Amino acid sequence: MAVVTHDGDSLPRALQTPLLELLGCEVPIMNAGMGGVARSELAAAVCNAGGFGCLGMVRESASRITEEVTRLRARTDRPFAVNLIPAATAPALLEQQVETCLELDVPAITLFWDVDRDLVKELKQRSVLVLHQVGSRADAQHALRAGADVLIAQGAEAGGHVRGDVSTLALVPELAAMARVPVVASGGIATGAGLVAALALGAQGISCGSLFLATREANAHPAHQRRICDAHAEDTLHTYRFYRNWPMAAATRVLPNGITRGDYDHLRGLREPPVIGEQDGQPVYLFSTDSPLRDATGGVTAMALYAGQSCGQIDTILPAAACIRQLLEQARSALDQLQHDTIGKAPADSIGRAC
Ligand SMILES: Cc1cc2nc3c(=O)[nH]c(=O)nc-3n(C[C@H](O)[C@H](O)[C@H](O)COP(=O)(O)O)c2cc1C
């Protein structure tokens, strides 16, 4: 029987992966749980377009989590996830975050960075679906041993914090061959052709960050969105220069700015670096890992302008639903082209003229 999305179009068979039933969504597309950026407006828009919405709640207070989950549920009745990063969160706060998610009956949690085995086990015991983003085979093994239900394979092309060194193209097939659970591909994907490629590599879906940052519903600053739309893959940098509020040295992928050019290097290591702006009613410090949010004021362009190499495929800010529709249309046409064996074949009359 053909699976029909709520738009009324039938979903190509190749896109009807078992992940859809596990997550309770219609199309194999998730928004990455981007801290500050992926709040209820974006996650609900993704859910209502048939995707799997995720709230980026790293280091957020219990009251913010309650507020965002409540707002999300007022906008959609579909399942969703909350993203937490145990290694980047003070233990007492993490405990409150987890307790709050459990009290709110959050259906799924996506985790990232070091695998917190006890937390994964606790969530599983409480019947929460656990998706773990990993950047290597070793982390994948830890997550699987702990009981994760889904692996999100993050390639080094990814925007934001980058866990590993292996590309999405190489990581996905290795994890898909190893894991009995579904693998979702993340990093460098922003088109339907990328979705089809990920599925061909053994993934059952994709998780996109930069693509959804450049949507109307994202809580990102317009200057950050514009930079993503204007950038090409080669413009992004893999850097350790953003370190404040992460407890360990961690790589990030960003677009260049004063920080990456070293303009403020003489201020590195200060116990109290200067405040460069404000957002969410809080100061933003120089070298902070917080990216500029919609309401950010001050030195917005000196904040962490996270972007994956996928930025080269993004040139317009769309509503999230239009973005998902576009991914599906592109996926249909990529599948069609593959089926009709036209990819990479130069038209006969062009032979001999190519340079
Ligand atoms: C602005 C931004 C913020 C991010 N914040 C988080 C986060 O809080 N938690 C997380 O697990 N991943 C975070 N990531 C990484 C994403 O989960 C994902 O791996 C990445 O966006 C994939 O690459 P892409 O941007 O090319 O799609 C962030 C990415 C971006 C671009």
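Worth pointing out:
- Shape analysis of the chain based on the Cα gyration tensor places the equivalent ellipsoid semi-axes at 31, 26, 19 Å, largest first.
- For the pair D114 and S61 in one chain, pulling the backbone fully straight at 0.36 nm per residue adds 17.0 nm over the alpha carbon distance.
- Point-to-point label distance, N245-R13, nm (Cα→Cβ direction, 7 Å offset): 4.8
- With the convex hull of its Cα atoms as the shape, the range 190-263 has an orientation-averaged projected area of 6.9 nm².
- Seen from P12, the other residues with C-beta closer than 10 Å to its C-beta sum to a net charge of 0, counting Lys and Arg as +1 and Asp and Glu as -1.
- Projected area averaged over orientations for the range 1-104, convex hull of C-alpha atoms, nm²: 7.0
- Residues R216 and R268, FRET efficiency given R0 of 25 Å [Cβ-Cβ distance, rounded to 0.05]: 0.10
- Residue-averaged [θ]222 nm for the chain, counting only DSSP H segments that reach four residues, each worth -39500 (n - 2.57): -9500 deg cm²/dmol
- The range 1-158: antiparallel DSSP beta bridges as a percent of all, rounded to 5: 5
Readers should treat all values here as calculations from the given coordinates under stated rules, not as data from a laboratory. Note that this is a predicted model, so its numbers are computed, not measured. Don't worry about glycine lacking a Cβ; one is built from the backbone with ideal geometry, like all the others, and counts go over all protein chains shown.
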